[in-house]
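Report on the following structure.
The numbers here are math on the coordinates, done by the rules we state, and not lab data. Quantities reported herein were computed from a predicted structural model and do not represent experimental measurements. Don't worry about glycine lacking a Cβ; one is built from the backbone with ideal geometry, like all the others, and counts go over all protein chains shown.
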Amino acid sequence: MKRKNAWEKYDDKGKADVFEFCEGYRKFISSCKTERECIEEFSAKAENHGYRRLDEVISEDKKLKPGDKVYAVNMNKMMAIFHIGEDLFDGGMNILGAHIDSPRLDLKQNPLYEDENMALMETHYYGGVKKYQWVAMPMALHGVVVKKDGSSVKVSMGESFDEPVTGVSDLLIHLASAQLQKRGDKVVEGEDLNLLVGSMPLKGEESEPVKANILSILKEKYGMEESDFHSAEFEAVPAGPARDYGFDSSMIIGYGQDDRVCAYPSAEAIFALDNTKKTCVCLLVDKEEIGSVGATGMHSRFFENTVAEVMNCAGCYSELALRRTMSRSRVLSSDVSAAFDSNYPSVMEKNNCAYFGGGLTFNKYTGSRGKSGSNDANPEYIAKLRKILDDKEIRYQTSELGKVDRGGGGTIAYILANYGMEVIDSGIAVQNMHAPYEVSSKVDIYEARLAYETFLRNME
C-alpha cells in the first residue's frame, strides 16, 4: 500500500498552522518535565477553559448537566477531564488516554554523600533506560520537598542558563579499555549513576565540608534539612528546552516525549470541544513506564471511582449504570510508537512500521513476540475509526513495534479493555524512544491533534 506523506496535504498557511501548534507543544515539554508539572499545567489550562474541579462540585452539591465541564486530580500526578455530553452516560464515553511519566533518574531516599572532596547524590533509574545514555550530559533537578509541618516547596534547579546544572560522569576513553568490553547493559551500572553536585568545602566545617556546603545551599534556597530528603521527590532530567530538529525545522527533539507528545494534543483536543453527543474524557495517568501500578497508575481505581462520582453528580449513578457506561465506552489509548530509523533498519519490518510524516499511528496490537500482554483491537472498531478519520481527510498509519522476534512493549490499553471497552493503541511515532532526547515529527503531532478531536466529536 502506497504511503502518503502528511506534509503534502498542507499549503503554506497549513504548514504555518502546524508549526504554530507545535511551538505550543515545544514550550510545554520544555517546562513540564515531571508528572506534577504536567498536572499543574493541564489543571491551569482546564480552569482557563471553564472546567471546574470535581471535588468543588461535590462539596457544593452541584448537579452536572450536558455541556458542563469538570476535572479531577489524583495525588498531583494523575487527572481525568470530563466534558459532559447530551446523552450523559447512556451510550458510554469517548476516552483519550495517555501517560505523563517518562524515564529518568530519581534521587534515593538518602542521596547525599561526600567522597574525596566531592559531593554526590545517589539515584535510582525509573523505567526502561539504556543507562549509558544518561552520562556526560547536563541535567536539571525537579521536584518537591514536603516538610513535617505539611508545607511543601517546589524545586527546579538547572533549567535557566544562569543556574548550575549537575550530571553523571563517564569514564575517560583513555582508561576505558575494560569498560568497552562490557555488554551495553553493563557499560554503566545502576549504582554508578551518581550526580556530581559539588566540590567546594564549607569554610570552618571539618567533617564532610563539601557535603555540608551543599546542605547549606539547599537550606538557603529551599529551607530544607538533610532529613527532608525522606519526604521529598526529586527527578533528575536532561536540562534545557526542547529544540526544533532538522534543517527544515520539521521535527522536535526534547526530553519526555514518551508520552507527553500524546498527552498534549489529547488535552488540547478536549479543550476545543463545544457541545457533544457523548460524554468525552481525557485521562492522563502516571506510572506507565513501570507497569501502571500504584495509586496514580492505570491499575488504580481512580478512574472508575471518578466516573462514579461524575455520574452521581449528573443524577444517573447506579452500580449497574456504571458498569454499562464503562463497557460501552470507546478509547484511543495514546502512546508513542517506534518510528522507522534508517540507521537501524534491521529491527523493522518495512510494511508494518511507523514512519515520520505518516500521521497518527494505530497499533492493532502491541505486546511482544506472540502478542504477549497485548490488547488486540476489534476490526469492527477499527473500521469505524477509519471512516470518521477518512471523512475528515486526516492522515493515519498502522504499525507494529518492530519485527516479531525482536521485542515489543505495552501501554495502558489492556487495562481499560478489562472493562469491556473498545480500545486501540494509537499515538505518534518517535525516534530515540526512552533516550534522554527523543525526536518526533511536527506534522504527526498536528494530525494526532486533529484525529483526537474528530474521535471525541464523531465516534458513535
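Summary of packing: across the peptides 399-405, 14-20, the per-residue average of other C-beta atoms within 10 Å ranks them, highest first, as 399-405, 14-20.
Quick one: check the C-alpha center-to-center distance for region 181-215 versus region 354-406, whole angstrom. Each part's Cα centre sits 45 Å from the other's. Take the chain, drop everything but the C-alpha atoms, weight them equally and run the Debye formula without solvent; then report log10 I(q)/I(0) at 0.07, 0.11 Å⁻¹ to two decimals. The Debye formula, applied to the Cα set alone, gives -0.38, -0.91.
Sorted on the mean count of surrounding Cβ atoms within 10 Å across their residues, most packed first, peptides 97-105, 304-312 read 97-105, 304-312. Considering helices alone, the calculated mean residue ellipticity of the chain at 222 nm is -8500 deg cm²/dmol, with DSSP H runs of length four and up weighted by -39500 (n - 2.57) and normalised per residue. What is the magnitude of the charge dipole of the chain about its Cα centre, with +1 placed on the Cβ of each Lys and Arg, -1 on the Cβ of each Asp and Glu, and no other charges, expressed in debye to the nearest 20? Approximately 1560 debye in magnitude.
As a proxy for reagent exposure, LYS287, LYS13 were ordered by neighbouring Cβ count within 10 angstrom, fewest first; the result is LYS13, LYS287. For LYS9, the aspartates and glutamates whose Cα comes closer than 15 Å to its Cα, not counting residues fewer than 8 places off in the same chain, are ASP17, ASP390, ASP391, GLU393, ASP444, GLU447. DSSP beta bridges fully contained in the chain are about 70 percent antiparallel.
Exposure proxy for ASP376, ASP286: other Cβ atoms within 10 Å of each Cβ, ordered fewest to most, give ASP376, ASP286.
I need the shape label for region 46-204. Rule: rounded when a/c is under 1.5, else prolate if a/b > b/c, else oblate, with a, b, c from the alpha carbon gyration tensor. Cα axes put region 46-204 in the prolate bin. Cross-link partners for LYS33 among the aspartates and glutamates, with Cα-Cα distance under 12 Å and sequence neighbours closer than 8 places in the same chain left out: GLU41, ASP101, GLU159, GLU235, ASP258, ASP259. Of the peptides 137-144, 354-361, the order by per-residue mean of other Cβ atoms within 10 Å, starting with the highest, comes out as 354-361, 137-144. Can you pick out the pairs among LYS27/LYS350; LYS364/LYS403; LYS186/LYS211 whose Cα atoms lie more than 22 Å from each other? Those over the limit are LYS27/LYS350; LYS186/LYS211. Counting only alpha carbon atoms, the long axis of helix 209-222 and the longest principal axis of the chain meet at about 40°.
Give the lysines whose C-alpha is closer than 16 Å to that of LYS148, dropping any in the same chain fewer than 8 places away, or say none. Output for LYS148: LYS219.
The residues VAL430, VAL197, when put in order of fewest to most other Cβ atoms within 10 Å, stand as VAL197, VAL430.
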